[in-house]
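The values are calculated or read from the model by the stated rules, or taken from the named source; none is laboratory data. Just so it is clear, the structure is predicted and the values come from calculations on it, not from any experiment. Here Cβ is always computed from backbone atoms with ideal geometry, including for glycine, and neighbour counts include all displayed protein chains.
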Amino acid sequence: MIDPTVLLTIVLMASVTYLTRIGGYLVLRNRTLGPRAMAVVEAAPGCVLISVIAPSFVTNNPADLAALLITLLAATRLSMLPTVLIGIASSGLLRTLLG
Amino acid sequence: MTSDTVSLDDTATRGWRGEFRRGVAASAPMLLGVAPCALVLGAQAAQKGMSVLDVPLMTGSNFAGGSEFAAIQLWTSPPHVALIVFITFLVNSRHLLMGAALAPFLQHLPKRKVFPALFLMCDETWAMSLADARRRAARGIGPAFSLPYYVGTGLCIYVAWVAFTTLGAALGPAMGNVEAYGFNLAFPAIFLVLLRGMWTGFRAARPWLVSLVVAALVYLFVPGAWYVAAGALSGLAAAWLLARDA
């Protein structure tokens, strides 16, 4: 059975997400955003994504930090699949090598 | 690109089914990127205590990968409802802009078709359909926006996303602690590639740097998952303040 809190979280997530999908069409189709509001909306996804992975940047495990740098380099020039594979491989390898 | 232009020539005479198939064909290569991401998401979700039923319920009703990765990363048992919903909204707020950009191309469609169709709007379907609509407009094909093409791209990615996240959730427990094999870097890798896709230059990325620094500091010194909200909000504040000299 599904836990009621889990169900509530999923239902609210889905509702909020759907609102963002129709919201732009409904509210913004006949309007232009000011430059500041535009800058905030444009920056929002990147700010959130980088905040979520921020802990990886301040890990005290040198193997993980080195693997993160390799992954960062890979992400600047490769597509999703090879970058993920390089990230996983370098982290797994460096953790084994550096203990 | 050449195959695109060739296939565009006969779109005017194609029926709904032909346009739908053109959409499926265009999004098929994307599945190579979607499937592994979905597997990792499902596996990670299972390790965080979500069941094989919870996962398709979430990925099938929400259908927005970025927010699901963020939610799983913050997932606890029981989940922190307000935090996860708030972060979901922040990650998906870009849909507001995407919908606004698509709106002028949807004017020939009734709302009863637009509302269900917008459920399928994700980064990939949006980008492909908008590009397709601009190409068709340039070639004088009307209407520029092809609804069946869009639905084809969207459904293809939707089915793959829900199926592979579910598969990941089913296989997750058997894989043991995926972090031990280096899977702890799967999420940062995915997020870094997504960020690279949003990169438009250092100037526009300054708020990201603010977010990174604030989130890292809050993570180190404040217990709990507040670092995400703190980092995100300070980045948005920086975007607001820096916009003046943009």
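Taking the condition touching a residue at least 60 places away in the same chain (Cβ under 8 Å) and surrounded by 15 or more Cβ atoms within 10 Å (Cβ to Cβ), does B:Val228 pass?
It is true that B:Val228 is touching a residue at least 60 places away in the same chain (Cβ under 8 Å) and surrounded by 15 or more Cβ atoms within 10 Å (Cβ to Cβ).
Residues to consider are B:Gly168, B:Gly231, B:Gly142, B:Gly172; find the one that is more than 14 Å from chain A (Cβ to nearest Cβ), in a helix (DSSP H, G or I) and of a type in the set (Gly, Ala, Ser).
Unique residue meeting the criteria: B:Gly172.
In the list B:Arg244, B:Arg203, B:Arg196, which residue meets the criterion of being loosely packed, with under 13 Cβ neighbours inside 10 Å, in a helix (DSSP H, G or I) and at the interface with another protein chain (Cβ under 8 Å from one of its Cβ atoms)?
Result of the check over B:Arg244, B:Arg203, B:Arg196: B:Arg244.
Select from the range A:61-77 the residues that are among the aliphatic types (A, V, I, L, M) and within 8 Å of chain B (Cβ to nearest Cβ) and list them in ascending order.
A:Ala67, A:Leu68, A:Leu72, A:Ala74, A:Ala75
Quick grid of which residues meet (1) under 25 Å from B:Asn92 (Cα atoms); (2) among the aliphatic types (A, V, I, L, M); (3) crowded, with 21+ Cβ neighbours inside 10 Å:
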{"site": "A:Pro4", "(1), (2), (3)": "yes, no, no"}
{"site": "A:Leu7", "(1), (2), (3)": "yes, yes, no"}
{"site": "A:Pro45", "(1), (2), (3)": "yes, no, yes"}
{"site": "A:Val48", "(1), (2), (3)": "yes, yes, yes"}
{"site": "A:Thr96", "(1), (2), (3)": "no, no, no"}
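Counting only residues that are surrounded by fewer than 21 Cβ atoms within 10 Å (Cβ to Cβ), within 7 Å of chain A (Cβ to nearest Cβ) and part of a helix (DSSP H, G or I), which one in the range B:67-84 is modelled with the lowest pLDDT?
B:Gln73
Going through the range B:18-57 one residue at a time, which ones are closer than 30 Å to A:Thr5 by Cβ, without any contact (Cβ under 8 Å) to a residue 24 or more places away in the chain and more than 10 Å from chain A (Cβ to nearest Cβ)?
none
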